[in-house]
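This report refers to the structure that appears directly beneath it.
The values are calculated or read from the model by the stated rules, or taken from the named source; none is laboratory data. As the structure is a computational prediction, the values presented were derived from the model and not from experiment. So basically every Cβ, Gly included, is an ideal-geometry build from the backbone, and we count neighbours across all protein chains shown. Remember, those area values only see protein heavy atoms, side chains included, never the ligands or the DNA or RNA. Shrake-Rupley method; radii C 1.70, N 1.55, O 1.52, S 1.80 Å.
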Amino acid sequence: MKTKNQRNYLDFVPVKNPDIEYQTDESGIVTLFVEWTGFYHRIAQKFFHRPRVSDIRLDAYGSFVWLSIDNSSDVHQLSKTLDAEYPDMEKSLSRLIKFLEILHDNHMIYWKGESCS
């Protein structure tokens, strides 16, 4: 019988990518700065006038989650912190997991125990 390789996101510990710079404005909104490197990005920069560094402004929820990532709290602890800060948020756990998946897919965070790439 095959065993399923199911991912339990509640046990994952998100770690910020040290290559991602960010700043927080006076209202607590976080802006991430992503540098685009590599052959294809250089072509896009040269011929299509794409920026070398993109600034990604997070909303209030995303900023709160980004600032809550302390490289030791797992997703379950982050969800409790998010629920305490925003008690009226609907489907907060699924929204949190989706947000963390997007950050992970774009190499802004990685899961503790996996290599940062």
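Worth a mention:
- Per residue accessible area in Å² of region 35-117, where ligands, DNA and RNA are left out and the probe is 1.4 Å: 70 Å²
- Residue-span extension gain [residue 46 to residue 67] - 0.36 nm each, minus C-alpha spacing: 4.1 nm
- With both labels modelled 7 Å from their Cα along Cα-to-Cβ, the residue 8 to residue 101 distance reads 1.9 nm.
- Cα gyration tensor shape for region 52-101, rounded if a/c is under 1.5, else prolate or oblate: prolate
- Two-decimal Rg/Rh across region 1-82, once Rg and the Kirkwood Rh are taken from alpha-carbon atoms: 1.12
- Loop-located GluC sites (Glu not before Pro) across region 18-117 with a Cβ neighbour count of 13 or fewer within 10 Å are 26, 90, 114, with loop assigned by DSSP.
- Dipole orientation for the chain: of the candidates 60, 40, 29, 40 has the Cα lying most toward the positive pole (charges on Cβ; Lys, Arg +1; Asp, Glu -1).
- Chymotrypsin sites (Phe, Trp or Tyr not before Pro) restricted to DSSP loop in region 20-117 with at most 16 other C-beta within 10 Å: 36
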